[in-house]
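Trainee: Quick one: this structure, given as structure tokens, is what I'll be asking you about.
Values in this text are rule-based calculations from the coordinates and carry no lab data. Predicted model, so just to flag it, every value in this text is computed and none were measured. Here the Cβ positions follow ideal geometry from the backbone for every residue, glycine too, while neighbour counts run over all protein chains shown.
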Amino acid sequence: MRGAHGEPRDSALNAARRQRELAELGDGGAIDVLVIGGGVTGAGVALDAAARGLRTVLVEKHDLAFGTSRWSSKLVHGGLRYLASGGVGIAHESAVERDVLLTTTAPHLTRSIPQVVPLLPGLGRGRRALVRAGFVAGDVLRRSAGTPAAVLPRSRRVAVAEAVRLAPTLRRNGLRGGLLAWDGQLVDDARLVVALARTAAAHGAAVLTRVSAERVTGDSAVLHDRLTGETLTVRARSVINAAGVWADRVDPSIELRPSRGTHLVFDAAAFGGLTASLTVPIPGSVSRFVFAFPAAHGRVYLGLTDEDAPGPVPDEPQPTDAEIDFLLDTVNTVLREPLHRTDVRGRFAGLRPLLRTAGDSTADISREHAVLHAAGGPITVVGGKLTTYRKMAEDAVDAAVAHAALPARPCRTKRIPLVGAASGASRDRISASPVLVERYGTEAAAILEPARRDPALAEPVAPGIDVLRAEFTYAVSHEGALDEHDLLDRRTRLGLVDTDRAAALPAARAAFATDRS
């Protein structure tokens, strides 16, 4: 693949490439688009701009997917909940973008997942009818987006036996089966961001983590290398602020109202081998649910809260005791044996960058995104949600192209497979374990190649953990990991459970000790 100026490029991100591209920035040269923020939106913007032939630089203060993009539910929603509040446009947009992810850009990182609403006595007839109507509307959304039923089957009612097969710990007393629908799920949200950033790099973008942007204007910024302390002033024809919940720090004219979403982490055994998203309606709401769903590394995630989060934005938001109790109390209404705090192995919370509106609760604020441009400032893209990142990026780059009269090709990202993309028969032909194929797609075999020379790389990073030492090595040489936190908290999610983090930490440190990238 070739970059914007015709030179050969590969997708590998590592310390050596970072150093080289920082040096190239210091040599000057026109930047078409400077992107601030390395979450899913910023990485999507970098890919969109680079694929249009624009010289693109992305800077991220911390690591890829450091903020909200690693704290999502890992679900690729079709927008069903937005229909309840009349949001037909965003619902359709979500369904279309879900289809793009599932079928074209990231089939290796996504999969269909059944979601089952148990029919228990606490779910009244009226609420049951609303859920069923919502699922039927979801079928319409799927068809309108062109997603085949082979990818996302149509919704239906299931008998008790099937409901229990999908969610073995369901309460049997009074259970009358379940309502079943299908949605999309990510293998991991942070892995999606890394794949986007690498694909952007393959199209010629410079992706620079541990670089903060200060004194940002509409055509310049002071970049600070947080590893060396050096600073550099760069000029760009257009600057795009994709800093998420920190967007108002880059452009103070933006007013955000962050909302905190909390999840709990359990061993899969706590839910008896859950194979669906167990979906529990929240009393008093027609569109909100608590979900328990299978996740990587033999875990189950339980979420989601939606709480106003005023005040300064922390680097790592923390769940509150009230949110933990709320999630446990809600899911326990449908379980045969209640879960307790002692069952919780980990927890995480993320802040959604919602635009401030007058008088609305954060649960009711629209998830539509906005592209804003204050005079003399950067173009800011904010709001939205993970599923619609690609459309958000397209709109932001369109605004930059129009404002700065950039010589760009049309948007191509609906048709660009991300690094590792594989589906169907091509996935079946990859000579690697299903777990590696699920995480890396077509690159799974390449990850194991060094293990032929060093068999120790084919060993787990710690006993009982399904991550190989070769994955850590690959994350350093190809995925831009610069320290052990990048490995444990974003390239893998081992860090969500303290005991797993401690067990894997020596292998993470060893990966940098032997790095030759």
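Trainee: Name the long-range amide H neighbours of residue 110: under 5 Å, sequence gap of 5 or more, or other chain; modelled H, no Pro or chain starts.
Mentor: 187
Trainee: Per residue, how much space in cubic angstrom lies within the convex hull of the C-alpha atoms of the stretch 184-287?
Mentor: 206 Å³
Trainee: Find out how many positive minus negative residues lie around residue 97, taking Lys and Arg as positive, Asp and Glu as negative, among other residues whose Cβ is under 11 Å from that of residue 97.
Mentor: Local charge sum for residue 97: +2.
Trainee: Under 1.5 on a/c is rounded, so check that first for the stretch 476-517, then, if it is not, pick prolate when a/b is larger than b/c and oblate when it is not; a ≥ b ≥ c are the square roots of the alpha carbon gyration tensor eigenvalues.
Mentor: In terms of gyration-tensor shape, oblate.
Trainee: For the stretch 246-286 and the stretch 124-177, what is the centre-to-centre distance using only Cα atoms, to the nearest Å?
Mentor: When both Cα centres are located, 21 Å separates them.
Trainee: Taking a virtual spin label 7 Å from the Cα of residue 220 along the C-beta vector, which residues in the stretch 396-422 bring their backbone nitrogen under 17 Å of it?
Mentor: None, by backbone N distance to the label point.
Trainee: Want the number for residue 127 to residue 435: 0.36 nm per residue separation, take away the alpha-carbon distance, what's left?
Mentor: Stretched fully, the residue 127-residue 435 segment lengthens by 107.0 nm.
Trainee: Output the direction-averaged projected area (hull surface divided by four) of the convex hull of the alpha-carbon atoms of the stretch 112-182, in nm².
Mentor: Quarter of the Cα hull surface area: 4.7 nm².
Trainee: OK, next. Calculate the FRET efficiency for residue 20 and residue 172 from the Cβ-Cβ distance with a Förster distance of 45 Å, rounded to the nearest 0.05.
Mentor: 0.15
Trainee: Can you list the aspartates and glutamates whose alpha carbon sits under 18 Å from that of residue 391, skipping same-chain ones fewer than 8 residues off?
Mentor: 48, 93, 97, 99, 189, 368
Trainee: Here is a further query. Report the charge-dipole magnitude of the chain in Debye, nearest 20, computed about the Cα centre from +1 at each Lys and Arg Cβ and -1 at each Asp and Glu Cβ.
Mentor: That gives the chain a dipole magnitude of about 1740 debye.
Trainee: Could you tell me the convex hull volume per residue, in Å³, taken over the Cα atoms of the stretch 424-513?
Mentor: Convex hull volume per residue, Cα atoms: 94 Å³.
Trainee: Only helical DSSP H runs with n ≥ 4 go in: add -39500 (n - 2.57) per run for the chain, normalise by residue count and round the 222 nm mean residue ellipticity to 500 deg cm²/dmol.
Mentor: Estimated from H runs of four or more residues: -9000 deg cm²/dmol.
Trainee: Expressed as a rounded percentage, what relative contact order does the stretch 219-319 have, with Cα pairs under 8 Å and six or more residues apart?
Mentor: Over the stretch 219-319, the number comes to 24 percent.
Trainee: Taking the Cβ of residue 181 as the centre, find all other residues whose Cβ is under 11 Å away and add up their charges (Lys, Arg: +1; Asp, Glu: -1).
Mentor: +3
Trainee: While we're here: How many percent of DSSP beta bridges within the chain run antiparallel, rounded to 5?
Mentor: Approximately 75 percent, going by the DSSP bridge assignments.
Trainee: How much length, in nm to one decimal, is gained on full extension between residue 315 and residue 144, taken as 0.36 nm per residue of separation minus their Cα-Cα distance?
Mentor: Residue separation times 0.36 nm, minus the Cα-Cα distance, leaves 57.7 nm.
Trainee: For the chain, what does the relative contact order come out to in percent, with C-alpha contacts under 8 Å and a separation of six or more?
Mentor: Relative contact order of the chain: 21 percent.
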